Structures are given as structure tokens and as C-alpha cells.
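Asks: Can you keep this structure in mind? I'll have questions shortly.
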Amino acid sequence: MTIEARLDRLTLAKAELDSLRPLSAEVTDELRQRYDVRLTYHSTAIEGNTLTQSETQIVLEKGITIGGKPLRDHLEVIGHRDALEFVYGLASRDEPIAEREIREIHSLVMKGQDQADAGAYRTLDVMAAGTEFRYPSHLHLNELMQEFTAWLSATDLHPVVLAAVAHLKFVTIHPFRDGNGRVGRLLMNLILIRAGYPVAVLHVEDRVAYIESLVAAQQTGNQASLVKLVVQSVENSLAETITVSRSAKTA
């Protein structure tokens with residue numbers, strides 16, 4: 001099936017979800033609990049966090065530290081949870097996504113870790129790990145981020161494609177010294193939530209395919225693999241959300 005056909009199917013599925021709205025507080029809470037833990041676990045695990053999904057849930061819901069696991073791993077999942085909460089708040093506001101909000105997302109993601117760099121653009125030039133791809137010079141970051149946020153407000157791509165391409169553009173600018181992947185995936189989900197789609201989770205099990213799709217897009221301009229990964233993630237979360245919402249309506 002072509003990407004265009006899958007996008008059409010996603011649009012129809014979203015219309016079905018819209019027909020089930022408003023969702024009850026019980027359903028909303030259930031979905032939030034599932035996806036807050038799931039997204040936080042997979043997004044931090046992609047970056048090397050060693051907490052399992054069940055350990056991540058314990059840290060987030062009970063505030064208990066896991067013996068033998070680094071303090072940084074605990075701080076990463078807590079920071080991501082807080083940043084995701086901020087993203088939910090942004091999603092409910094009908095305002096363009098600006099640099100200020102992106103910097104705040106990064107500050108929350110990095111909370112308790114590298115505080116000196118939290119919310120601050122990098123001041124050094126860097127290369128992508130394991131490749132010869134060189135990110136833009138730090139001297140151009142202000143201009144590039146202004147162009148990025150202007151593009152976000154002006155583009156008319158399908159929301160799911162927009163989410164994927166925005167993620168790609170952001171991590172290719174690589175404005176922060178650390179945390180770009182986590183912030184990029186949160187931005188992706190901010191776009192999806194604003195458009196009425198559920199949270200999409202890129203799984204750590206697909207990390208190699210995900211990284212390769214980013215590398216391919218950065219080196220050749222071919223975005224197809226990344227878009228397919230995001231489409232698949234949205235298909236999965238949308239199907240689950242519809243199932244939970246439909247069962248609640250018939251209970």
C-alpha cells in the first residue's frame with residue numbers, strides 16, 4: 001500500500017475517533033497512563049537509558065529509585081515526563097510553536113542533568129555520531145531555528161507527514177548539545193496531538209531502522225523510510241485508542 005493510501009486510511013480512522021469524542025475522563029486517564037509511560041520509556045531507551053518499561057513506570061508513578069541503576073537514568077525519565085506534560089498543555093493552545101516553547105521543552109527534558117545547557121543552543125560545531133554528517137554551524141542556529149518555526153506555521157502537509165518531517169528538520173539542525181532526539185520526538189507528538197491524533201511511539205526495538213532512516217534523509221534527502229516509521233506508529237496508536245474508546249462506549 002502506498003504512503004498516500006495509508007495517509008487516507010489514517011484520516012478516515014481519525015474521523016472514526018472523532019465520532020467517539022468527547023472521551024470520558026476514565027478513558028482519557030487510561031490512555032494517558034499507557035502512553036506517558038510507553039513514550040517516556042522508548043524515547044529515553046533509544047538514547048541509551050537502561051531502565052526497563054516496568055521500572056520506568058515505577059519511577060514515574062511511585063517516585064521510587066531502582067537499585068543499581070544510574071541516577072541520570074531516573075532524571076531522564078522524570079524530565080521527559082515533565083516535558084510531555086508541558087507538551088500536552090501546548091497542544092491545547094491555538095498558538096504557533098515558537099523557539100521559546102522549544103527551549104522550554106528542552107529545559108524540562110534536561111532537568112537535573114546538564115543544567116548549564118538546558119534550553120540553550122549549543123556553542124560548538126558537532127558531527128553525527130558514527131557518520132561523516134556534520135550538523136550546521138552553531139553560528140547559524142538562531143537563523144535556522146527562526147526559519148524552522150516559520151516553516152512549521154506555514155506548511156500544509158498532512159499532519160502525520162508534517163510530524164515526521166518536522167522531527168527530521170529539527171534533529172538535522174541539532175540546536176542543542178544533548179537531548180535533540182527526545183525533544184524532536186516530543187515536537188513530533190505535539191504536532192500530532194494538536195491535529196487530533198494520539199501519541200505516536202517510536203519503539204526502541206526499531207532503533208536501528210529509525211537511525212538509518214534519519215541518516216538516509218540527511219545524506220540523500222529521501223524521507224520515505226522515516227515517514228513510513230511514523231505512519232506505522234500512528235496507525236498502531238490510533239487503532240489502540242479507537243479500540244479502548246469504542247469498548248468504553250459500549251460498556
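Asks: For the list (1) surrounded by 14 or more Cβ atoms within 10 Å (Cβ to Cβ); (2) farther than 20 Å from Val87 by Cα; (3) not polar (S, T, N, Q), I need the number of the one condition that Arg182 fails.
Replies: The number of the failed condition is (2).
Asks: Restricting to the range 192-241, give me the number of residues that are surrounded by 21 or more Cβ atoms within 10 Å (Cβ to Cβ) and under 12 Å from the mean Cα position of the chain (by Cα).
Replies: Total satisfying the criteria: 9.
Asks: A follow-up question, please. Output the residues belonging to the range 202-221 that are part of a loop (DSSP other than H, G, I, E, B) and at pLDDT 95 or above.
Replies: Answer for the range 202-221, where residues must be part of a loop (DSSP other than H, G, I, E, B) and at pLDDT 95 or above: Leu202, His203.
Asks: Of all the residues that make up the range 33-66, how many are within 21 Å of Val230 (Cβ to Cβ), surrounded by fewer than 21 Cβ atoms within 10 Å (Cβ to Cβ) and of a type in the set (Ser, Thr, Tyr)?
Replies: Selection size over the range 33-66: 1.
Asks: Now for a separate question. Mind listing just one residue for me: the one in the range 67-81 that is aliphatic (A, V, I, L, M) and surrounded by fewer than 21 Cβ atoms within 10 Å (Cβ to Cβ) and, of those, farthest from the chain's Cα centre (by Cα)?
Replies: Leu71
Asks: Okay, moving on. Being within 28 Å of Thr28 (Cβ to Cβ) and out of contact with any helix residue (DSSP H, G or I) (no Cβ under 6 Å at 6 or more places or on another chain) is the filter here, so list the residues in the range 202-228 that pass it.
Replies: If the condition is that a residue be within 28 Å of Thr28 (Cβ to Cβ) and out of contact with any helix residue (DSSP H, G or I) (no Cβ under 6 Å at 6 or more places or on another chain), then Glu205, Asp206 are the ones that fit.
Asks: Which of the residues belonging to the range 135-169 are in contact (Cβ under 8 Å) with a residue 60 or more places away in the chain and under 15 Å from the mean Cα position of the chain (by Cα)?
Replies: Result: Val160, Val161, Ala163, Ala164, Val165, His167.
Asks: Name, by its number, the condition in (1) closer than 23 Å to Glu30 by Cβ; (2) surrounded by fewer than 23 Cβ atoms within 10 Å (Cβ to Cβ); (3) touching a residue at least 60 places away in the same chain (Cβ under 8 Å) that does not hold for Asn189.
Replies: Status for Asn189: all satisfied but (2).
Asks: Pairs, please: C-beta under 8 Å, at least 6 apart or cross-chain, first residue in contact (Cβ under 8 Å) with a residue 24 or more places away in the chain and assigned to a loop (DSSP other than H, G, I, E, B) and in the range 24-50, second crowded, with 16+ Cβ neighbours inside 10 Å and among the aliphatic types (A, V, I, L, M)?
Replies: Here the result reads Asn49/Val77, each pair linking the range 24-50 to a residue that is crowded, with 16+ Cβ neighbours inside 10 Å and among the aliphatic types (A, V, I, L, M).
Asks: Name the pairs whose Cβ atoms lie under 8 Å apart, with the first residue in the range 204-225 and over 21 Å from Leu51 (Cα atoms), the second surrounded by fewer than 16 Cβ atoms within 10 Å (Cβ to Cβ) and among the acidic types (Asp, Glu), and 6 or more positions between them or separate chains?
Replies: Ser225/Glu212
Asks: Within the range 119-134, does at least one residue satisfy the condition of being under 12 Å from the mean Cα position of the chain (by Cα) and in contact (Cβ under 8 Å) with a residue 40 or more places away in the chain?
Replies: No; the residues of the range 119-134 include none that is under 12 Å from the mean Cα position of the chain (by Cα) and in contact (Cβ under 8 Å) with a residue 40 or more places away in the chain.
Listed here are the residues, each with its yes/no results for (1) within 27 Å of Glu205 (Cα to Cα); (2) crowded, with 17+ Cβ neighbours inside 10 Å; (3) of a type in the set (Val, Ile, Thr); (4) over 16 Å from the mean Cα position of the chain (by Cα).
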{"site": "Arg21", "(1), (2), (3), (4)": "no, no, no, yes"}
{"site": "Ala25", "(1), (2), (3), (4)": "no, no, no, yes"}
{"site": "Glu30", "(1), (2), (3), (4)": "yes, no, no, yes"}
{"site": "Ala83", "(1), (2), (3), (4)": "yes, yes, no, no"}
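Asks: Check Ser92 against each of (1) touching a His at 6+ places or on another chain (Cβ under 9 Å); (2) of a type in the set (Gly, Ala, Ser); (3) without any contact (Cβ under 8 Å) to a residue 24 or more places away in the chain and name the one condition it does not meet.
Replies: Of (1) touching a His at 6+ places or on another chain (Cβ under 9 Å); (2) of a type in the set (Gly, Ala, Ser); (3) without any contact (Cβ under 8 Å) to a residue 24 or more places away in the chain, only one is false for Ser92: (1).
The values are calculated or read from the model by the stated rules, or taken from the named source; none is laboratory data. Remember, it's a predicted structure, so these values are computed and weren't measured experimentally. Because the Cβ atoms are built from the backbone with ideal geometry, glycine has one as well, and the counts that use them run over all protein chains shown.
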